[in-house]
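Below is one structure, written out as structure tokens, with a few remarks after it.
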Amino acid sequence: MQSVIPVNLPQHAYSIAIAPGTLNQLGNWMQGKEDAPLKLGKKVLLVSNPAVFEHYGDRATASLEQAGFTVATCLLPDGEQHKTLETLSQIYDAALSNRLERSSTFVALGGGVIGDMTGFAAATWLRGVNVVQVPTSLLAMVDAAIGGKTGVNHPNGKNLIGAFHQPRLVLIDPQVLQTLPVREFRAAIAEVIKYGVIWDAALFTQLEAAPQLDQLSHLSAELLQAMLTHSCQAKALVVSKDEKEAGLRAILNYGHTIGHAVESLTGYQVVNHGEAVAIGMVAAAQIAVALQLWQDADAQRQLTLLQKAHLPTRLPAGIDLDAILTSLQADKKVEAGQVRFVLPTQIGAAIVTDQVPTAVIKQVLQQMQTA
């Protein structure tokens, strides 16, 4: 099974390749085709974390070297709490010591944190070098590796420091998910469900038909390929219509508004990104119901899917509701002082609005408090 999905951007078109075993062909994919070489230079900086590199670093390096690339490595500490400017400097140091040039390429081998930091480093090193995304987590495969959003966190908010920098290639090997911790797999299912809610009703129905969604071993190879393909197609289509989030692309933030606040206020230690998005999706669904934009029955269908994936659907214990409301004002999606929410209108469709009364937000958050 192989899918190649084009991301059709006028100045930055690239492909997303999804196929089992593609990690062993990384070097060949980066060379491109004879009639369409990617011209990624000869020097490569492979950025990863120790856990991922232990599993897949040698295979990626061997494939790159066999294809004629000279490979240097940079291993960063694992975890969202390390997604900082201080950690980012390690990539710059490695690029400098290995004399990477403007024609060189950074390769991100890891999850969303590695992908975001490597992409931002590539956007800013020598005013912009190539980046190739090789996501190893389901969350990165269906979301973070696609679309060119890069960045690091500020102590007061997630991804406040960043840049748009499109990859030259996204290479997805589903086989690497076999070493993904169960919790990380479940967290990514939140993003897959998100695509079903905002864009792809057929995907949502496929997920509903699956007996279980909480572990990779419970999914058939066909369902996994379908999840990856549908999710990547959805994001590719949205990004190709709105590269820099001037309009339509904002719907990809479904669940992220309150989700980011929950992540930030718990110091990125209590819930991971996907779990926070799941909580944010429940909140957004209830806001949409309260504003009579969405049917309660559809909100319950979403809730059932999230529960099938064993995702949290209530706020973490002890989180302060007023602190959430304050945090929302610091979100990068705020415009003219108004918090923008993505709210579903039916399965497969959503809108972006800044007309959400604070009283409604607070009422929903109160209902979601952990008893």
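All of the numbers you see were taken from the coordinates with simple rules; none came from a lab. What you see is a predicted model; the values in this text were computed from it and never measured. Note that each Cβ is placed from the backbone with ideal geometry, even for glycine, and that neighbours are counted across all protein chains shown.
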Pseudo-spin-label distance residue 208 to residue 358, built 7 Å along Cα→Cβ, given in nm, is 3.8 nm
Cα centroid distance between the stretch 214-237 and the stretch 71-131, in Å? 28 Å
How compact is the stretch 3-179 by the rule of thumb for globular proteins, expressed as Cα Rg over 2.2 N^0.38 Å? 0.93
Compute the label zone of residue 216 within the stretch 118-148: residues whose backbone N is under 11 Å from the point 7 Å along Cα-to-Cβ. 136-139
Residue order, fewest to most surrounding Cβ atoms within 10 angstrom, among 33, 194: 33, 194
How far apart, in nanometres, would the label points at residue 8 and residue 51 be if each is projected 7 angstrom from Cα along the Cα-to-Cβ direction? 3.9 nm
Suppose R0 equals 22 Å. What FRET efficiency, 1/(1 + (r/R0)^6) with r the Cβ-Cβ distance, do residue 307 and residue 270 give to the nearest 0.05? 0.70
Just flag the GluC sites (Glu not before Pro) in the stretch 53-131 sitting in loop per DSSP whose Cβ has no more than 16 other Cβ atoms within 10 Å. 101
Across bins of 10 angstrom width beginning at 0, how are the C-alpha pair distances of the chain distributed, in whole percent? 5, 26, 34, 24, 9, 2, 0
If the cut-off is a Cα-Cα distance under 17 Å, which lysines reach residue 308, setting aside same-chain residues fewer than 8 apart in sequence? 194
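Report the antiparallel proportion of the DSSP beta bridges in the chain as a percent, rounded to a multiple of 5. Please list the in-between numbers first.
On the way: 18 of 40 bridges.
That works out to approximately 45 percent antiparallel.
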Folded to 0 to 90 degrees: helix 221-241 orientation relative to the chain principal axis, Cα: 90 degrees
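What net charge is computed for the residues neighbouring residue 301, neighbours being all others with C-beta under 12 Å from the C-beta of residue 301, Lys and Arg scored +1, Asp and Glu -1?
Numbers: positive: 308; negative: 208, 296, 298.
Every neighbour counted, the sum reads -2.
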For the pair residue 183 and residue 346, how long in nm is the line joining their label points, each one 7 Å along Cα→Cβ? 4.0 nm
In order over the stretch 16-28: 3J(HN,Hα) from phi, Karplus 6.51/-1.76/1.60, θ = phi - 60°, whole Hz, x for each Gly or Pro, gives 10, 9, 10, 6, x, x, 5, 4, 5, 10, 3, x, 5
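Can you tell me the relative contact order of the stretch 3-179? Whole percent, Cα pairs under 8 Å, sequence separation 6 or more. Present the calculation step by step, with values, prior to reporting the outcome.
Numbers: 372 pairs, mean separation 43.7, N = 177.
25 percent.
In nm, what is the difference between 0.36 nm times the number of residues separating residue 369 and residue 161 and their Cα-Cα distance?
Working: separation 208, 0.36 × 208 = 74.88 nm, distance 3.04 nm.
The span from residue 369 to residue 161 would gain 71.8 nm if fully extended.
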